[in-house]
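Below you'll find the structure, written out as structure tokens, and then a few comments.
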Amino acid sequence: MKTIRLTLVLMLAFAGLTYAEDNDAVERIADAKTVFTEIMASPDKGIPRDLLEKAHCLVIVPSVKRAGFIVGGQYGVGVATCRQGAGWTGPSTVKVEGGSFGLQIGGGETDVVMMVMNESGSNKLMKSEFTLGGEGAVMAGPVGRSASAETDAYMRAEILSYSRSRGLFAGVALKGSTLRSDDSDNAKLYGKEVKHEDILRGRVPAPAVAKPLIDTISTYSTAEKGKSSAEKGK
């Protein structure tokens, strides 16, 4: 009898753990939507809309944390999505580790946003792992609607990166950070094993939980919708 009870307790505990892990993957998408919405809600301090409209892919990593066991290292989990045709793909969960995330602008946690600006950068993002600032050339992105977003440097950059900490938002150059796919969380989100590249190339239908994030990104990254929203505000 005791053995049966112990077995039931272990089964319930395991089920609860599995649910918690699945829920973490879903919360990652919700957190990414919140971060992106808050940043874009301040046009004078956010990511320039004209650059966002040209972006091939977007990576959002909420609450990057200092890794106390690695001197100068950081760790964060987030999502990546790429533009395919007139829309955006379902999110692929990613991890960013090591290197510098610009935490010097204040605080122990930082939200990181990266815009992949060309095909070369998006091809690197679709690898299961690559090094920012190494294989993927990264530079600090301009901030605000008045920023000079059409300069040759910004147009040639593979990845433009930003960080936000304690309300401060700025472009930041990420150096030596490794970005890799989180295949275990992708399996939980999509209900089966899926390839990081297949998700970002739009070969895998987006899960329902990702719709709010995709809709939000579409609202701010599409010129026609941006104009529509502006007209409604008049």
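Brief remarks on what is shown
- Cross-link check: pairs LYS54/LYS192; LYS95/LYS192; LYS45/LYS192; LYS33/LYS192; LYS175/LYS211; LYS54/LYS95 evaluated at a Cα-Cα cut-off of 29 Å; pairs beyond the cut-off: LYS54/LYS192; LYS45/LYS192; LYS175/LYS211.
- You can think of it this way: the chain between ALA30 and LYS175 has 49.5 nm of extra reach, that is 0.36 nm per residue less the Cα-Cα gap.
- Treating r as the C-beta distance of SER42 and ARG201 and R0 as 30 Å, the FRET efficiency rounds to 0.40.
- Mean Cβ neighbour count within 10 Å, used as a protection proxy, ranking 45-54, 112-121 highest first: 112-121, 45-54
No lab work stands behind these numbers, since they all come straight from the coordinates. Keep in mind it's a predicted model, so treat the numbers as computed, not measured. So basically every Cβ, Gly included, is an ideal-geometry build from the backbone, and we count neighbours across all protein chains shown.
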